[in-house]
Structure formats: structure tokens, C-alpha cells
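The values are calculated or read from the model by the stated rules, or taken from the named source; none is laboratory data. For clarity, every value in this text was computed on a predicted model and none was experimentally measured. So basically every Cβ, Gly included, is an ideal-geometry build from the backbone, and we count neighbours across all protein chains shown. We work out accessible area using only protein heavy atoms, side chains counted, and drop any ligands, DNA or RNA first. Shrake-Rupley method; radii C 1.70, N 1.55, O 1.52, S 1.80 Å.
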Amino acid sequence: MTSISPKINSGKIGCVIMASGLGVRFGGNKLMADFGGKPMVSWIIQAAEACFENIVVVTRNLEVETLCKARGIKVVFHNFPYRSDTVRIGIDNLDKDVQGVVFCLADQPFLSALTLSKFVHNAISESNKIWRTTCSGVIGSPTYFPRKYFDELRSLPQDKGGSYVCKMHPDEVCDFGIDNALELRDIDTRETYDELSSFAHSLDIWSEFLRSFKKHLFITGLRGAGKTTLINNLMPLIGSNSGLTSFANKGVDVHLVNDSTKEDIIIGRFIPENKVKDNKMTPDLVAFKERGVGFIDELIDSSDEWVTIDEIGYLEEFSEEYKAALRKLLDMKRVVAVVRKDDLPFLNELISRNDVFLRTLE
């Protein structure tokens with residue numbers, strides 16, 4: 001995977017966070033509403049901080065102003081009523097030498113630093129074009145405008161936004177498609193807030209991982225720490241259903257399932273007389289070699305960027321073919337995996353990789 005530099009073009013591309021809504025449809029100050037343990041506006045600020053040196057938050061909310069000042073983020077408080085005012089104020093308060101601007105919505109907490117960085121790096125490849133994000137044909141935010149449109153953005157008709165400029169120059173607009181529609185969801189109402197809050201408690205770990213700009217997220221911890229629950233809660237954020245799941249029939253066997261095809265194989269069997277340390281399972285090396293490796297090959301051949309594995313454990317240690325396949329998978333895809341907390345050579349190799357962000361659950 002091509003690495004992506006967190007900071008974009010030494011500050012030549014600015015970011016304006018549109019935080020001037022008063023939350024009328026929400027019924028209160030939505031930008032400061034708790035979302036996954038933080039004010040909602042914190043998530044987009046956090047993503048922007050990972051990508052930009054030049055950020056301006058434009059707001060009519062005193063609490064948002066206070067939050068930004070505490071974080072050292074440039075913020076402009078105003079009392080103008082229209083969206084066009086927010087756009088103008090944002091443009092006027094960017095550094096004078098910026099060559100382009102990205103507008104982000106403050107109520108879009110799932111937009112990740114990784115997607116934001118990819119979006120702007122793509123826009124820079126044709127930096128004189130207007131770029132907007134889309135998912136399955138639905139237009140979303142953020143949007144990028146080159147400097148040549150700054151005057152038009154400053155003089156928008158009352159209560160118009162950047163989409164007005166897009167309509168005026170349709171041949172100059174390019175779309176940047178993303179796979180996960182959740183990232184483009186904004187929260188305007190209590191109903192949407194309630195719907196999306198169930199995903200919010202995993203946002204902190206996911207955002208920390210993405211801000212690290214590592215390739216893989218590995219989760220480890222003692223039994224009962226919530227590793228599998230976390231993987232399941234991360235699924236909507238990952239936006240992919242490709243992966244492998246394992247489960248045990250206590251005292252009988254261990255199964256490995258291809259999540260895409262639902263094919264199920266037995267990779268270990270309970271044989272009391274072969275007890276080793278605290279493990280009573282003996283690996284089925286034939287199953288690993290004949291179908292386990294095939295499962296991984298199918299994941300590699302899929303069109304999905306992300307793969308989940310729950311879990312990589314003790315039994316895998318004995319199959320050289322399966323370990324080689326896992327190494328290849330890590331080279332070819334992005335992997336979110338549970339890794340058993342155990343002092344074993346292959347598990348230690350995995351969590352020590354330079355491209356792995358490791359989170360230990362207590």
C-alpha cells in the first residue's frame with residue numbers, strides 16, 4: 001500500500017471546518033453533544049489536525065470557540081446568519097498563500113483522517129479542478145476548491161454554499177468515490193444521532209489507529225477483555241464484510257469460517273492425551289494447508305481493501321503454509337485482527353511489525 005503523508009503540502013492547502021449551525025433541527029447544541037465520549041465537533045477537528053497545518057474553524061457557538069482555543073486551533077466566532085457568510089469568513093481567515101481549500105462539516109464525526117488525506121492527495125493530482133466526495137452516487141462532504149475560485153466563494157449569493165460554485169462550473173467538477181457511506185453521514189437530527197451513537201464508542205480506537213497512518217490494526221488482551229466485541233463494533237467503520245471468523249466447540253473442536261462464502265473448516269481437535277501447556281487442541285495441519293490457505297487466497301483476490309480476522313491464535317503457530325499465507329495477506333491488504341495474547345514466535349512476529357498499530361485491551 002502506498003504510504004500517505006499525514007500533513008498535506010506544507011500548509012499550502014487549507015481546511016475550513018463549517019461549525020456555524022445552531023442545531024435547530026437537533027434541538028440543541030449538537031456540536032458539543034457527547035458522541036463516543038467526546039464533543040461531536042472534536043472528531044472532525046481531530047481528523048483535520050492529522051492532515052492539515054492550516055485549519056480554521058468558523059462558528060457561532062461559544063463552547064466550540066472555547067474548545068478550539070484550548071486545542072490551539074484557529075477559530076473565528078461570528079454572528080452572521082447565512083452559510084455564505086461562513087464560507088466567506090473561512091476563506092478570508094486562511095493563510096494568504098494557500099493554493100486551495102477543503103471545506104469540512106463539523107457534524108460529520110465518522111470522516112476519518114485517512115479518507116480526508118486520500119481525498120486531498122487525489123485532488124492535488126489535478127489541483128485546478130473542483131473535487132467533491134461521493135458514495136454510491138450520493139454527493140457528500142468534504143469538497144476541495146482551488147484558489148482560482150476563492151473570489152466566487154467570497155461572493156456567494158445569500159445562504160448558498162460551495163455547491164453553488166460547483167453548479168456554475170460543472171465541467172470543472174471531479175468526484176472522489178469512497179466505499180464507506182458511514183463516513184459521509186452528517187448528524188442533523190436526534191433520530192440520526194440515536195441511530196449512529198451505537199457505533200460511536202469504537203470511534204476513539206479507530207480514529208487513533210487511522211491517525212497513526214499504520215496499515216494494520218491488531219487487538220490483543222486477556223480472555224474476556226472484549227476483543228471480539230470490539231471487532232464487531234468496528235465493522236461499520238471498516239465498511240467491509242470480508243474476513244475470517246473462528247469459534248470453538250468447548251472440548252470438541254475449533255472452526256475457521258470464511259465470512260464471505262460461509263465455508264467452515266475444522267482447524268483443531270480436542271485430544272486430551274496430547275495436552276500441551278494449557279492447550280488441549282491439536283491443529284489439523286491438512287485443513288490449514290488445503291483450505292485455510294485457500295481462504296486467505298480468496299481474501300487477497302477480493303476487491304475489498306480491508307479484511308478482518310477473529311482471531312489469530314495458538315493453532316496457526318504449527319502451520320508454515322498458513323503463516324506464509326497470512327504474511328502475504330498483510331502485504332496485500334489492510335487487516336484488522338484479534339491476536340491472542342501469548343508468548344509465541346509467530347504472534348510476537350505479527351505484533352512487532354512496523355506497519356501494525358497494536359491496541360491492548362485490559
Return the total of residues in segment 115-135 being touching a residue at least 12 places away in the same chain (Cβ under 8 Å), among the polar types (S, T, N, Q) and out of contact with any strand residue (DSSP E or B) (no Cβ under 6 Å at 6 or more places or on another chain).
2
Can you tell me how many residues within segment 66-89 are open to solvent by less than 80 Å² (accessible area, probe 1.4 Å) and within 26 Å of the chain's Cα centre (by Cα)?
5
Determine which member of the set PHE103, PHE35, PHE26 is in contact with a strand residue (DSSP E or B) (Cβ under 9 Å, 6 or more places away or on another chain) and of a type in the set (Phe, Trp, Tyr).
PHE103
Counting residues that are in contact with a strand residue (DSSP E or B) (Cβ under 8 Å, 6 or more places away or on another chain) and open to solvent by 30 Å² or more (accessible area, probe 1.4 Å), which strands (runs of 3 or more DSSP E) fully inside segment 305-362 reach at least 1?
306-312, 356-361
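Yes/no per residue for (1) farther than 17 Å from SER42 by Cβ; (2) among the hydrophobic types (A, V, I, L, M, F, W, C); (3) open to solvent by less than 20 Å² (accessible area, probe 1.4 Å):
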residue	(1), (2), (3)
PHE199	no, yes, no
ASP204	no, no, no
LYS214	yes, no, no
THR220	yes, no, yes
ASN233	yes, no, no
LEU237	no, yes, yes
SER240	yes, no, yes
Just wondering, is there one or more residues in segment 284-291 that are surrounded by 15 or more Cβ atoms within 10 Å (Cβ to Cβ), touching a Lys or Arg at 6+ places or on another chain (Cβ under 8 Å) and not in a loop (DSSP other than H, G, I, E, B)?
no
Can we say ILE130 is of a type in the set (Val, Ile, Thr) and open to solvent by less than 30 Å² (accessible area, probe 1.4 Å)?
yes
Options ALA106, ALA113: the member that is at pLDDT below 90, out of contact with any Pro (no Cβ under 6 Å at 6 or more places or on another chain) and crowded, with 21+ Cβ neighbours inside 10 Å
ALA113
Name, by its number, the condition in (1) part of a helix (DSSP H, G or I); (2) free of Cβ contacts under 8 Å to residues at least 40 places away in the same chain; (3) of a type outside the set (Val, Ile, Thr) that does not hold for GLY23.
(1)
Please work out which residue is nearest to GLY100 (Cα to Cα), limiting yourself to segment 139-166 and to residues that are open to solvent by 90 Å² or more (accessible area, probe 1.4 Å) and not basic (Lys, Arg).
ASP151
Kindly list, by first and then second residue, each pair from a residue in segment 26-42 that is over 15 Å from THR59 (Cα atoms) and at pLDDT 90 or above to a residue that is open to solvent by less than 40 Å² (accessible area, probe 1.4 Å) and aromatic (Phe, Trp, Tyr), limited to pairs with Cβ atoms under 8 Å and residues at least 6 apart or on different chains.
ALA33/PHE26; ALA33/TYR193; PHE35/TRP43; PHE35/TYR193
